[in-house]
Structures are given as C-alpha cells and as structure tokens.
Ligand SMILES: [Mg+2]
C-alpha cells in the first residue's frame with residue numbers, strides 16, 4: 001500500500017522524467033515546427049513558437065491559441081507534435097526502474113502523450129518493460145487531454161478494474177489533478193522549483209521531484 005492505497009498511476013512527461021528548461025524550449029520549437037511545416041500554418045517559426053509558449057502560460061496547452069484563432073485541429077497537432085518529439089534529448093533519472101520495482105503497489109502510467117511517443121519515452125528512460133501492459137495514453141480513451149473532465153479518470157479505472165478510491169494519481173500538472181480528485185482519487189503533485197499550488201484543495205500531497213516521492217514511499221525518507 002502507498003498512502004493507504006493499492007494502486008499508483010503516474011503521469012509520464014515531466015513526472016517520470018524532468019523536463020529541463022532547455023528541453024521545454026526545444027519542445028515549444030518542435031510544436032511550432034509541427035504547426036508550420038506539417039499543418040501549413042502561415043506564420044514564421046519564431047512567431048509560432050512565441051505563441052506556443054504564451055498558450056502554455058495562459059491555457060496550460062501549447063495548442064489552444066491555434067485551435068481558437070488559427071483553425072488548427074487538435075487531433076492533427078497532437079499527432080504531428082508527437083511524431084516530432086525529440087525523445088532522445090530526455091535525460092533519464094538514475095536507478096528509477098530499481099526504485100519503481102520496489103514500490104508496494106500496483107503501478108500504471110497514464111499520459112497525455114500519444115502511444116507512439118510514450119512507447120519511445122518509456123524505452124528511453126528504461127521503464128518500458130516494466131510498464132509494457134500498464135501504460136495508457138489519452139488516445140486510448142478518444143481524448144487529447146487529461147485536464148478537461150473527470151470522466152477519463154473513471155474510464156481509466158474501469159479499464160484497470162479498480163475503483164478511483166483505491167488509486168493515487170501522481171502528476172506535475174495540477175490541472176490534471178483537479179479531475180483525478182473529482183473522480184475520487186488521492187492526488188500527489190510533483191513540483192520542481194517551489195510548491196506553487198499549495199492553495200489548491202484538490203491536491204492531497206506534494207513532493208519535490210519523483211525521487212523524493214519514491215524515497216518517502218520506500219521508507220527512505222519521512223517528508
Ligand atoms: Mg506531465
């Protein structure tokens with residue numbers, strides 16, 4: 001059991017690896033390239049990248065400004081962006097697999113990356129064999145986000161045949177945790193610089209980085 005629950009569900013991006021500022025910047029550029037080169041957006045790359053960055057800040061979704069104002073289809077961007085994602089630039093944590101293997105709970109991954117990118121990422125960070133039959137993409141539920149509705153969290157639980165009340169959901173993005181909580185899960189926020197979402201009542205626990213969370217879960221640390 002972990003936090004009194006038998007199941008842990010992890011977000012992937014920026015939870016099971018850490019997105020450095022440099023990598024975040026690369027991803028914004030990659031999304032701009034997907035928009036301009038793959039989807040035919042008439043804009044120069046630098047301007048598109050600026051809008052991606054702004055869109056993340058305002059809507060917590062790099063594509064939202066383009067869906068609203070530039071006629072971009074969310075599904076097309078979802079696919080084009082994930083095809084271009086430079087997974088090889090991710091720096092994996094040391095010994096993460098070894099720690100995860102020792103966690104006393106059933107463990108799953110639920111990601112807003114598509115299946116193509118999430119398989120590549122899991123392989124790159126050394127967790128693919130462990131999560132091979134235990135990772136799901138929003139794609140599997142016919143949606144592109146985890147921060148719109150609690151429904152997708154309930155469907156996830158149905159898929160793994162567990163109740164939301166048995167699950168801990170671990171995510172760096174607090175907009176996802178709001179709906180995991182609404183579905184009935186216990187929520188853990190992973191933060192990096194400072195715990196910026198202290199005031200959010202739907203966050204039950206917060207840890208600085210996944211390694212601290214795992215250290216507490218494995219009894220190697222108390223806070
Ligand atoms: Mg994330």
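Every read-out reported here was derived from the displayed coordinates using simple, explicitly stated rules and does not represent laboratory data. Keep in mind the model is a prediction, meaning the values are calculated, not measured. Quick reminder, even Gly has a Cβ in these numbers, built from the backbone with ideal geometry, and neighbours come from all protein chains shown.
Details
- Counted over the chain, the DSSP beta bridges are approximately 5% antiparallel.
- Computed helical MRE - 222 nm, the chain, DSSP H runs ≥ 4 contributing -39500 (n - 2.57), nearest 500: -12500 deg cm²/dmol
- Spin-label model, residue 158/residue 182: points 7 Å from Cα along the beta carbon direction are separated by 1.7 nm.
- Based on alpha-carbon atoms, the Kirkwood radius and the radius of gyration of the chain give Rg/Rh equal to 0.96.
- Distance between the 7 Å Cα→Cβ label points at residue 98 and residue 123: 2.5 nm.
- Three-way shape call for region 76-151 based on the alpha-carbon gyration tensor, with the a/c threshold at 1.5: oblate
- Note on residue 54 and residue 42: their simple-model spin labels are 1.9 nm apart, each label 7 Å out from Cα toward Cβ.
- An ellipsoid equivalent to region 21-88, defined through the eigenvalues of its Cα gyration tensor, has semi-axes of 16, 14, 11 Å when rounded to whole angstrom and sorted largest first.
- Cα centroid separation - region 160-176 against region 79-101, whole Å: 21
- Seen against the Cα atoms of the chain and their longest principal axis, helix 74-84 is set at about 80 degrees.
- The angle separating the long axis of helix 174-183 from the principal Cα axis of greatest extent in the chain is about 50 degrees.
- With the highest mean first, a sort of the peptides 43-56, 22-35 on other beta-carbon atoms found within 10 angstrom per residue produces 22-35, 43-56.
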